[in-house]
Every structure is written in C-alpha cells, then in structure tokens.
Amino acid sequence: DNGRIMRDGIRTVILGKTNAGKSSLLNALAREERAIVTDIEGTTRDVLEEQINLSGVTLNLIDTAGIRRKSKVSENIEKYSVIRAISAIERCDICVLMIDAESGITEQDKKIAGVAHEAGKGLLIVVNKWDLIQKETNTMRDYEKIIRSELLFASYAPVLFISVLKRRKIYDVIEIAKKIQDNRTRRISTGRLNNLIEDAIMMKQTPSDKGKRLKIYYTSQIG
C-alpha cells in the first residue's frame, strides 16, 4: 500500500549489461560519486545501494554489476555479482533495464528483462547514450519498435530515451518509476471488477465444455 511505499521507499534496481551506464545514472540521480565509473567493462563488482528523496518520495536505488553471459563468467567474484544481481531483483519493486543505444538490445538484455518479468516486478526500459545516435525523423519510434518486437512479453513496460552524460531526461526515470509503483499497488474495487466481467461476458460468451458453459459468479482482487 502507499504507506509501505513512503516508509520503505520504492526499491528500484538498475540492471543491464556491463558498461551500459548504470553507475553513471546512480551517481547522477544521487548527485554524488558513490559508484566507481570508468570505461572498463565490469568495474562495478558488487551491489551498490543509495537512498534518495525526490519529489517527496524515497527511492532505494540499487546498482548492480552487469550480468554477463554465464559462459564468460570465469572469476568467482563475477559469479558472486550475478547472484547478487538476481537477489536484488527478488527484493526490489521496480527494475530499470538500461540498454546501450549504440549496442542495441542484446540477448542478455532480454534474459534480464525475463528474470524481472517472471519475478512480477515493475519494469522500465531505459535507452542510454541516446545523444550518440544519429537522428532522423522516426529514429526514436523505429528504435522503440525494435525493442517492443524483442520484448513481446513485456509490452506493458515504458521505454525512455536518456543521456546520462548530457543529463537529459534522467529525472524522468524517477517520475516513471513512481507511476509504475502506483499501478503495481493499485486496488480495483469489487464492484468495478464485477461490472467489467459482466460487460465482457455480454460481448463474448464464456467457453463451454460438453454442453456446459463456464459460469463466473464473483470477482475480487485479493492481493
């Protein structure tokens, strides 16, 4: 409920492949150099957590080391980072999947999104380094179409184009995360749900099996 959100904050984990800009986003939002940022892939070896308050809402931003393909994970410390990243997904409210605009969406990005989706978490797809992409009339729309086609199971997830380096739209991450959490914790009244089901049955009858038609007596949101 909203009371829990205000007490504990919106636990938001930043996920993505190595060098997508996760630590840079964390630093920009926290306005401090808490995470180590370099051009070397895989610099963030553990999970960094920063609590910030923006627009009256507390957010626990969790930055993870990039999740690599298991075949490339040779060091024990990297294996540990993968475990910690998946653990961060399990205990968060919202997953921010960061995609490198130049690299495009990768198989690993899709796997990360799948883990978040299967865990029932809110999902925000952030395309970083958008300032490095040459633009034409429909570049953003076409790019989003590609993402949507690759993540058909997550059609509900908003897509946001940002540049952490240029500080473009980075605070939109916070605003959209708040909206996602509002939707995740929204309760629909029993009356509205039952009216919806009644309207649906009027438009299309329920299926039948051996001459017996499915009957829906009552609908309620229990969790």
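Some points to look at:
- Single unsatisfied condition, residue 184 versus (1) surrounded by 13 or more Cβ atoms within 10 Å (Cβ to Cβ); (2) basic (Lys, Arg); (3) under 19 Å from residue 20 (Cα atoms): (3)
- Residues of segment 187-218 classified as in contact with a Ser or Thr (Cβ under 7 Å, 6 or more places away or on another chain) and either open to solvent by less than 60 Å² (accessible area, probe 1.4 Å) or small (Gly, Ala, Ser) (or both), total: 4
- In the set (1) more than 20 Å from residue 52 (Cα to Cα); (2) hydrophobic (A, V, I, L, M, F, W, C); (3) open to solvent by less than 10 Å² (accessible area, probe 1.4 Å); (4) assigned to a loop (DSSP other than H, G, I, E, B), residue 92 fails one condition alone, (1).
- Contact annotation: residue pairs with Cβ atoms under 9 Å, 6 or more positions apart or on different chains, pairing a residue in segment 15-29 that is under 14 Å from residue 129 (Cα atoms) and in a strand (DSSP E or B) with a partner that is open to solvent by less than 10 Å² (accessible area, probe 1.4 Å) and polar (S, T, N, Q), are 16/64; 16/128.
- Where helices (runs of 4 or more DSSP H) fall entirely within segment 134-223, those with at least 1 residues that are in contact with a Lys or Arg (Cβ under 8 Å, 6 or more places away or on another chain) are at 139-150.
- Check on residue 174, within 30 Å of residue 53 (Cβ to Cβ), at pLDDT 90 or above and open to solvent by less than 70 Å² (accessible area, probe 1.4 Å): no
The values are calculated or read from the model by the stated rules, or taken from the named source; none is laboratory data. Small disclaimer: the values here were computed from a predicted structure and weren't measured. Glycine also receives a Cβ, built like all others from the backbone with ideal geometry; neighbour counts cover every protein chain displayed. With ligands, DNA and RNA removed, areas are computed over all heavy atoms of the protein, side chains included. Shrake-Rupley method; radii C 1.70, N 1.55, O 1.52, S 1.80 Å.
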